[in-house]
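First comes the structure, then the notes that go with it.
The values are calculated or read from the model by the stated rules, or taken from the named source; none is laboratory data. Computed from a predicted model, the values in this text were never measured in an experiment. Reconstructed Cβ throughout: ideal geometry from the backbone, glycine too, with neighbour counts over all protein chains shown. Ligands, DNA and RNA are stripped out before the accessible areas are found, and what is left, the full protein with its side chains, is counted by its heavy atoms. Shrake-Rupley method; radii C 1.70, N 1.55, O 1.52, S 1.80 Å.
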There are 2 protein chains.
Amino acid sequence: MALIVKKFGGSSVATAEKIQAVAKRVLQDTQPGDKVVVVVSAMGDTTDNLLSLAKEITAEPYIYQREIDMLLATGEQVTIALLAMAFHSLGRPAISLTGPQAGVVTNHVHTKGKIVDVTPRRVLEELDQGKIVVVAGFQGLNGLGDVTTLGRGGSDTSAVALAGALKADSCEIFTDVDGVYSADPRVVKSARRMQEITYNEMLELARLGAVVMQPRAVEMGKHFGVPIHVRSTFTQQTGTIIREVYTVEEKEFIIRGVTHDSNVAKIAVLGVPNRPGIAYSIFSALADANIDVDMIVQSIRNLETNVIDMVFTVALPDLAQTKIIVEQAARQLAAAGVLVDEAVAKVSVVGAGMFGSPGIAATMFGALSEAEVNIEVISTSEISISCLIKENQVTAAVNAIHAKFFPQ
Amino acid sequence: MALIVKKFGGSSVATAEKIQAVAKRVLQDTQPGDKVVVVVSAMGDTTDNLLSLAKEITAEPYIYQREIDMLLATGEQVTIALLAMAFHSLGRPAISLTGPQAGVVTNHVHTKGKIVDVTPRRVLEELDQGKIVVVAGFQGLNGLGDVTTLGRGGSDTSAVALAGALKADSCEIFTDVDGVYSADPRVVKSARRMQEITYNEMLELARLGAVVMQPRAVEMGKHFGVPIHVRSTFTQQTGTIIREVYTVEEKEFIIRGVTHDSNVAKIAVLGVPNRPGIAYSIFSALADANIDVDMIVQSIRNLETNVIDMVFTVALPDLAQTKIIVEQAARQLAAAGVLVDEAVAKVSVVGAGMFGSPGIAATMFGALSEAEVNIEVISTSEISISCLIKENQVTAAVNAIHAKFFPQ
């Protein structure tokens, strides 16, 4: 007898037929006596449709964040009612609970609420009565008694937090991929599904471009020590388990994943007279505008005149605002000019074991060199190495690196 | 400075454009400093669409009443969020509250919950902060913490109950008619809009076929002593105020309304040997089947053989079941036969002042006689007189009666 939390996303519950399929799948997968909590998102395009309706009322509905949450929270509420009916009609007692009813407590931030507590008294009571408990993901209740939503990937976070609070034996995230891969299978044909991966590796993979799981959900899993099983909605196959440390031997792979991210832009501030405070004057202005700066390199252009170049990357959607801020700073610094390059991409390798394994960086750079890929910027963390390259060389670069670390 | 509750039904909020119109209308109608609560229903066909979705899941979703309420409650929640945004975008602070948040407490009956208490603490707090409070009608919270819905006309009931609990100065029900008329204006061209009508008269009118307001909402108004102003969404005109006693002099009209109801059927059990317990044996079987019997007449057919006829009416939708039950009873009673007539209608006059005003019945019967309308059955209550007639004579009958009591 196990307590299992299962989460199905919006595309898995997009139609009445798919909701029935989810109910059947859950019943197939569970043993008699299992206690089952199913967390679901809004059906398919529901959220987009609700937002369109709001835009008919006012051009910028997102200003009214509390009301946006009131509106969007209806999406999951529809799914839970329908899925509970589907279980009932298959002969299995079930009950739907909204996020607030399930005891998901958030801070006061609307549209991007953070879960601060989970008090699943009602969930436990209903489980004890033998019911399957169907919970609305993506939503919680704040201290004022208002519904909040958790922002992107919120349903994953709901599921993991509930699993933690319920001390669940496992938390299964059903998705359209069947696990976490050593690289994007659309780019690297020989990419392999990992049996296990650590929370920290998963967080780093997500930060560096892998979009399997939202980082907030992984952090929640790490916080509660809940193993997260990422698996496919469409097959019975075991997927990838995200946990604190490996339990099986896949140790031959120090590198656990090769990622790429084309959603970046490079900014170069050229010919800046090298005085103290230059980096501060540029990056504090960007920080004030809430823009995350990623890879930073400062290089000396001319030793005699002591003039430097400053190169860094930002996410592509932040580029327009970044350009305005940086060009203003460049004028004040009497820089020679500002160059912007959108045709760049970041390739990275991630592995918790790389610290203390010298040669990882050399292997990566060697692979890129053999593939004739020029490296523009390099940055490293404790468990990753990233290189900025030309965007049109991403496929070649990722395949070359993957072939070195995951030989056939 | 007044505290006003205004209720708009589903057709008044069917589109984003109509929701904006409601917001504008509310702002036009209120004075600075007024405290305003707006109660709304689900948009247009939302409820039907949600039920269709449920029917795709299971043929008989209404079995799962708790889940039906979970599902349907989303309808009003969408409207309140959008209407609150509409107020905001017109520059007026507003906040949406679900029925549960507004303190509407119901019994444990799902899909037809009854309001047992209203604790509008949150509503008052938000009003005190100068906000327009937009409340989801049709829904409340039961003692388990589950959302319930109130059944047909539930939003009217929500509005009146909230107005009562808030000690509101008035409760305005906006609808597609501009008040309560002395007869159905589609049938009687000279029907006049009443300035005032009592709760009891309104309840009797509703019972006898006038469909302006749901009886539950009127009872709620009577219970709390809240005057209910029934008025048009489309005009600024004053409508009809439903209250305990008249405040203006419309006293010349002892009769306040002439109603008709074609949704009835006549059943005659013929030639029954007159023994004690005959009425009981027929009507207790119907009561067991939850069928309301309306007009009842027992008449002696043959004094010598002591054989009687028993005639009564039921609502048309109950006829099929009634027939089965009555035919079985008739066999047991050795009756001569059972006759059913669906082509009948009931015309009635209603007026709280008719008791103690002899001649009302005579005037009504005289009018029918002049119009050559035959009366099949007569029944009376303290504030009404009803006659069963042929269905195809309804228009003539109602006009003839109306002309006598409301002369031009």
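One table, with the values for the structure above:
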{"read-out": "Residue satisfying all of: in the range A:30-45; of a type outside the set (A, V, I, L, M, F, W, C) and open to solvent by less than 40 Å² (accessible area, probe 1.4 Å); nearest to the other protein chains (Cβ to nearest Cβ) among these", "value": "A:Gly44"}
{"read-out": "Qualifying residue in the range A:16-28 (condition: closer than 24 Å to B:Glu17 by Cα and open to solvent by less than 10 Å² (accessible area, probe 1.4 Å))", "value": "no"}
{"read-out": "Count - residues of the range A:127-146 that are of a type in the set (Gly, Ala, Ser) and within 14 Å of another protein chain (Cβ to nearest Cβ)", "value": "3"}
{"read-out": "Criterion (at pLDDT 95 or above and over 30 Å from A:Glu17 (Cα atoms)) met by exactly one of B:Leu72, B:Leu97, B:Leu50, B:Leu82", "value": "B:Leu97"}
{"read-out": "Residue selected from the range B:131-169 under the condition open to solvent by 10 Å² or more (accessible area, probe 1.4 Å), more than 15 Å from the chain's Cα centre (by Cα) and hydrophobic (A, V, I, L, M, F, W, C), by the criterion nearest to B:Val5 (Cα to Cα)", "value": "B:Ala168"}
{"read-out": "Only listed residue being in contact with a strand residue (DSSP E or B) (Cβ under 9 Å, 6 or more places away or on another chain) and touching a residue at least 40 places away in the same chain (Cβ under 8 Å), chosen from A:Ala361, A:Ala403, A:Ala352", "value": "A:Ala352"}
{"read-out": "Strands (runs of 3 or more DSSP E) lying entirely in the range B:19-120 (those with 1 or more residues that are charged (D, E, K, R))", "value": "B:35-40, B:115-118"}
{"read-out": "Among (1) within 20 Å of A:Ala42 (Cα to Cα); (2) among the charged types (D, E, K, R); (3) free of Cβ contacts under 8 Å to residues at least 40 places away in the same chain, the one test that A:Arg121 misses", "value": "(1)"}
{"read-out": "The one condition in (1) open to solvent by 10 Å² or more (accessible area, probe 1.4 Å); (2) touching a strand residue (DSSP E or B) at 6+ places or on another chain (Cβ under 8 Å) that B:Arg121 fails to fulfil", "value": "(2)"}
{"read-out": "Qualifying position, being open to solvent by 30 Å² or more (accessible area, probe 1.4 Å), at pLDDT below 90 and closer than 23 Å to A:Ser381 by Cβ, among A:Ile296, A:Ile282, A:Ile291", "value": "A:Ile296"}
{"read-out": "Enumeration of residues in the range A:1-15 that are assigned to a loop (DSSP other than H, G, I, E, B) and either among the β-branched types (Val, Ile, Thr) or in contact (Cβ under 8 Å) with a residue 60 or more places away in the chain (or both)", "value": "A:Ala2, A:Gly9, A:Thr15"}
{"read-out": "Which listed residue, of B:Gln408, B:Gln393, is farther than 30 Å from B:Ala287 by Cβ and in a helix (DSSP H, G or I)", "value": "B:Gln393"}
{"read-out": "Meets criteria (modelled with pLDDT of 95 or more, out of contact with any Cys (no Cβ under 8 Å at 6 or more places or on another chain), more than 19 Å from B:Ser158 (Cα to Cα) and within 7 Å of another protein chain (Cβ to nearest Cβ)) for B:Ser89", "value": "yes"}
{"read-out": "Considering residues of the range A:50-75 that are of a type in the set (Gly, Ala, Ser) and within 16 Å of B:Thr15 (Cβ to Cβ) only, the residue nearest to the other protein chains (Cβ to nearest Cβ)", "value": "A:Ala54"}
{"read-out": "Matching residues in the range A:1-15 - criterion: being surrounded by fewer than 16 Cβ atoms within 10 Å (Cβ to Cβ) and not hydroxyl-bearing (Ser, Thr, Tyr)", "value": "A:Met1, A:Ala2"}
{"read-out": "Residue match in the range B:151-159 (condition: out of contact with any strand residue (DSSP E or B) (no Cβ under 6 Å at 6 or more places or on another chain), assigned by TED's automatic domain parsing to the domain that holds B:Thr47, more than 14 Å from B:Pro100 (Cα to Cα) and among the basic types (Lys, Arg))", "value": "yes"}
{"read-out": "Hits in the range A:189-206 - residues which are open to solvent by 40 Å² or more (accessible area, probe 1.4 Å) and among the hydrophobic types (A, V, I, L, M, F, W, C)", "value": "none"}
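A quick yes/no check of all residues on (1) assigned by TED's automatic domain parsing to the domain that holds A:Gly153; (2) open to solvent by less than 10 Å² (accessible area, probe 1.4 Å); (3) of a type in the set (A, V, I, L, M, F, W, C); (4) on the phi < 0 side of the Ramachandran plot:
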{"site": "A:Leu208", "(1), (2), (3), (4)": "no, yes, yes, yes"}
{"site": "A:Ala217", "(1), (2), (3), (4)": "no, yes, yes, yes"}
{"site": "A:Val230", "(1), (2), (3), (4)": "no, yes, yes, yes"}
{"site": "A:Thr235", "(1), (2), (3), (4)": "no, no, no, yes"}
{"site": "A:Thr240", "(1), (2), (3), (4)": "no, yes, no, yes"}
